[in-house]
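Read-outs throughout are calculated quantities, based only on the coordinates presented, and are distinct from any laboratory measurement. Just so it is clear, the structure is predicted and the values come from calculations on it, not from any experiment. Reconstructed Cβ throughout: ideal geometry from the backbone, glycine too, with neighbour counts over all protein chains shown.
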Amino acid sequence: MTTTDEILANARGRTPGQPYAGAVTPREAFELLQSDPRVKLVDVRTNAERDWVGRPAIPETQHGAVQWTLYPGGAPNPDFATQLQNVATPDDVVLFLCRSGVRSRHAARTATELGYANAFDILEGFEGDRDPEGHRKTVGGWCKAGLPWIGA
């Protein structure tokens, strides 16, 4: 088993020059969550996405939800910083998850600006990119990796 420090060192090496700590694969994120209570997963998808698509099956003590954008409409969440403080501290290792890995990068950058030195993006997101037929959960992401999740 890889240690927390080894996983985080690899994650930092994946994203040189990015304005956040690094990026982990979904499998690495799950391993971190299993082995280190300092690690928090922050799901930045909309409430509708979590309700209709599903969410990672991890202990509530390590899982928080803070919308990056609001549904409907997609407006930025004006309370992102305050809500983040309610689910993670600047001393935590914070792993940001979205649908395919775009909003999570923005959230990790913003968290870093807010003083979260260990803000990481989860590559590929929960559902991953679309396949040639336009479907998700087949090309990458938490679900494709076979990690535990709770369906809608």
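Pro72 fails exactly one of the following numbered conditions: (1) within 18 Å of Arg103 (Cα to Cα); (2) touching a helix residue (DSSP H, G or I) at 6+ places or on another chain (Cβ under 6 Å); (3) not in a strand (DSSP E or B). What is the number of that condition?
If we test Pro72 against (1) within 18 Å of Arg103 (Cα to Cα); (2) touching a helix residue (DSSP H, G or I) at 6+ places or on another chain (Cβ under 6 Å); (3) not in a strand (DSSP E or B), just (2) comes out false.
Under 8 Å between Cβ atoms, which residue pairs at least 6 apart in sequence (or on different chains) link something in segment 36-54 that is closer than 11 Å to Thr69 by Cβ with a partner that is of a type in the set (Lys, Arg) and in a loop (DSSP other than H, G, I, E, B)?
Arg45/Arg99; Glu49/Arg99
Here's a check for you: in segment 108-143, which residue that is among the charged types (D, E, K, R) and without any contact (Cβ under 8 Å) to a residue 24 or more places away in the chain is surrounded by the fewest Cβ atoms within 10 Å (Cβ to Cβ)? Step through it out loud before you land on a result.
The first filter runs over segment 108-143 and keeps only residues among the charged types (D, E, K, R), leaving 109, 113, 121, 124, 127, 129-131, 133, 136-137.
Still in the list and also without any contact (Cβ under 8 Å) to a residue 24 or more places away in the chain: 130-131, 133, 137.
Details: Arg130: 13, Asp131: 13, Glu133: 6, Lys137: 17.
Checked segment 108-143; the qualifying residue surrounded by the fewest Cβ atoms within 10 Å (Cβ to Cβ) is Glu133.
So Ala65 fits all but one of (1) in contact (Cβ under 8 Å) with a residue 24 or more places away in the chain; (2) farther than 21 Å from Leu8 by Cα; (3) surrounded by 13 or more Cβ atoms within 10 Å (Cβ to Cβ); (4) touching a strand residue (DSSP E or B) at 6+ places or on another chain (Cβ under 9 Å); what number is the exception?
So the condition that Ala65 fails would be (1).
Return only the number of the condition from (1) under 24 Å from Thr89 (Cβ atoms); (2) in contact with a Pro (Cβ under 8 Å, 6 or more places away or on another chain); (3) among the hydrophobic types (A, V, I, L, M, F, W, C) that Leu147 does not satisfy.
Going through (1) under 24 Å from Thr89 (Cβ atoms); (2) in contact with a Pro (Cβ under 8 Å, 6 or more places away or on another chain); (3) among the hydrophobic types (A, V, I, L, M, F, W, C) one by one, Leu147 breaks only (1).
For residues that are touching a Leu at 6+ places or on another chain (Cβ under 8 Å) and either basic (Lys, Arg) or more than 14 Å from Phe96 (Cβ to Cβ) (or both), tally how many sit in segment 15-45.
4
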